[in-house]
Amino acid sequence: MDEAEASEVVWREQVRRRVTAEQDRDALARLIEYDADPFEVELYELAVDLRTLLIDRGQRRRTGQHERHGRRLKDRGRRADR
């Protein structure tokens, strides 16, 4: 595995482990209801931005597609070995 493949594997693992943008947005909304700190408000405004949501969904979708593609290739390889 070369450096580019290794960094891609690490990136996919990070995407899988992190909470979704919607979960971040909801957590920040609860914080703002409790204590409307200006920094928290700014973070919430970034989390509500449609681009942030679309980027997060796109990254998660790409990660899932890559994993499914890898599984299909492995299955094809097993079938070819028979």
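The values are calculated or read from the model by the stated rules, or taken from the named source; none is laboratory data. Predicted model, so just to flag it, every value in this text is computed and none were measured. Quick note on the areas: whole protein, heavy atoms, side chains included, nothing else; ligands and nucleic acids left out. Shrake-Rupley method; radii C 1.70, N 1.55, O 1.52, S 1.80 Å.
Check the stretch 56-77 and report whether any residue there is of a type in the set (Val, Ile, Thr) and open to solvent by 60 Å² or more (accessible area, probe 1.4 Å).
Taking the stretch 56-77 as the starting set, the residues that turn out to be of a type in the set (Val, Ile, Thr) are 63.
Add one more test, that the residue is open to solvent by 60 Å² or more (accessible area, probe 1.4 Å), and what stays is none.
No: zero hits.
This table checks each residue for (1) open to solvent by less than 50 Å² (accessible area, probe 1.4 Å); (2) closer than 30 Å to Arg68 by Cα; (3) modelled with pLDDT of 90 or more.
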{"site": "Arg16", "(1), (2), (3)": "no, yes, no"}
{"site": "Ala21", "(1), (2), (3)": "yes, yes, no"}
{"site": "Ala36", "(1), (2), (3)": "no, no, no"}
{"site": "Arg51", "(1), (2), (3)": "no, yes, yes"}
